[in-house]
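All remarks here apply to the structure that follows.
The values are calculated or read from the model by the stated rules, or taken from the named source; none is laboratory data. Because the structure is predicted, anything quoted here is derived from the model rather than measured. Here the Cβ is made from the backbone with ideal geometry for all residues, glycine too, and neighbour counts use every protein chain on show. For accessibility, only protein heavy atoms count, side chains too; no ligands or nucleic acids. Shrake-Rupley method; radii C 1.70, N 1.55, O 1.52, S 1.80 Å.
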There are 2 protein chains.
Amino acid sequence: MAPHRIVAMTRYTDSVRSSLRERVLDAAYGLVADAGWAGLRMAHVAERAGVSRQTVYTEFGSKDALGQSLVMREVDRFLDGIREVLDRYGEDLRGGVTAGIEFTLRTAADNDLLKAVLTSQRGGDGELIAHLTTRSEPLLDTATAMLGAYAAQAWPEVDEYSRELAVECVVRLTVSNIVQPVAPPEQTAQRIARIVTRVALLKDED
Amino acid sequence: MAPHRIVAMTRYTDSVRSSLRERVLDAAYGLVADAGWAGLRMAHVAERAGVSRQTVYTEFGSKDALGQSLVMREVDRFLDGIREVLDRYGEDLRGGVTAGIEFTLRTAADNDLLKAVLTSQRGGDGELIAHLTTRSEPLLDTATAMLGAYAAQAWPEVDEYSRELAVECVVRLTVSNIVQPVAPPEQTAQRIARIVTRVALLKDED
DNA sequence: TTCTGGACACTAATAGCGATTGTGTCAAGT
DNA sequence: ACTTGACACAATCGCTATTAGTGTCCAGAA
């Protein structure tokens, strides 16, 4: 019985802790959106999260570490979103790619933090991007690898080289359209998907 | 005779003036490369160009105007370079595109000013990019239009929509590879050219 | 004429310096 | 576990004096 209780208590503690982390992270996210990373005060984070300043420090250690966790959470959520979209479309890779691109464009449009990470843009207001040493630098690489895996599964008849080219196109053209948009996300997504389909389906003669 | 002499003198004066402008611009270019736009001193420009500070002011009016002329000259040279490459390859559009991309990648690699203009990157050391109001903002548009014209001439059998897609690909993928290079210019250029060829040649079925 | 060189007013960048504000840590209290 | 208050230390701010640079004018030389 004792072991069981210990386990139960540990789980309870863990869940409390993780919900605490989430609350703090939520608070930080909102405040960063308002005042930018430089304008963020640990005291405000604690206040908005409904905890003491000390708790924030014991949980995250420092402001920099809090920033790390913040962008890591955002990155993970984005990657999960992409995965979910791709899964939802199953064998229809073109549909999945279109939806994934649109999802990415919309995310970048209303999430300054992820936009900064996706476009690797330093400076500006996204000063916290100095913290992307952990899991956000290789964001695009991760996304590329993910997309490549789905492509290999859904389009086994396409040769590997063509798939590589196509995946590279998706990623680079999407980022390009985040930086310099010319049409609403939906149209842009369809346009890129069309381009990419051509790249994948045509085996050149030379 | 009098009119002739006047004309001759005017031409002489013009040529002196333009060579003066060039010298000053050359001096400014070198100094900007060393110390950045903010670190540039009009006195240094004059000194290196071998003229008095006053002459620089009478010729350009202000430091800002000098910056304008500087980026305009660089932009024009780049555009001329692209044109020349495209002309040299004549009907061989794929060869021309490949060479043009490589030219662009190499230019961006060793010309910070043009790199800043091409990637529209503000801030950083390219503080003078605040001056791209004249002929550099539409640089990419101009290049796109140019490429489109050549494409229409060399590939009349390709439908217009496909040509548009292909040209967009060339421009966006090239810029993308300036920002995030993964291979030397030559390889990258060939890769992009291959992608673009596929986009142009395949008419999709849907 | 065209360019030079020096003199000038005015403005922007710089350095120094309290005063303020915020980070990060500690210990005692709940 | 979390809070509260206190603290040392560092970064930032507002202010001032000073420097350095822009932009202009004009007398003189080529």
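Here is how the numbers come out for the structure above:
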quantity	calculated
Exclusive hit being in contact with a helix residue (DSSP H, G or I) (Cβ under 8 Å, 6 or more places away or on another chain) and under 22 Å from B:Glu164 (Cβ atoms), set A:Val158, A:Val196, A:Val167, A:Val179	A:Val196
Near pairs, Cβ below 6 angstrom, 6+ apart or cross-chain, from segment B:139-163 (aromatic (Phe, Trp, Tyr)) to any residue that is in a loop (DSSP other than H, G, I, E, B)	none
Pairs with Cβ under 7 Å, 6+ apart, first in segment B:34-45 and closer than 14 Å to B:Leu70 by Cβ and open to solvent by less than 60 Å² (accessible area, probe 1.4 Å), second within 6 Å of DNA strand D (Cβ to nearest atom) and in a helix (DSSP H, G or I)	B:Met42/B:Lys63
Residue in segment B:113-130 that is at pLDDT 95 or above, open to solvent by 40 Å² or more (accessible area, probe 1.4 Å) and within 14 Å of chain A (Cβ to nearest Cβ) present	no
When residues of segment B:179-192 are limited to those that are more than 10 Å from every other protein chain (Cβ to nearest Cβ) and part of a helix (DSSP H, G or I), the one nearest to B:Leu114 (Cα to Cα)	B:Pro185
Search result, residues across segment A:46-85 that are assigned to a helix (DSSP H, G or I), within 13 Å of DNA strand D (Cβ to nearest atom) and open to solvent by 60 Å² or more (accessible area, probe 1.4 Å)	A:Glu47, A:Arg48, A:Arg53, A:Gln54, A:Tyr57, A:Thr58, A:Asp64
Single residue of segment A:193-203 satisfying the filter (facing chain B (nearest Cβ under 8 Å) and open to solvent by less than 10 Å² (accessible area, probe 1.4 Å)) that is nearest to B:Leu202 (Cα to Cα)	A:Arg198
Odd one out for A:Trp37, checked against (1) modelled with pLDDT under 95; (2) outside the structural domain of A:Leu113 (by TED's automatic domain parsing); (3) more than 10 Å from DNA strand D (Cβ to nearest atom); (4) assigned to a helix (DSSP H, G or I)	(4)
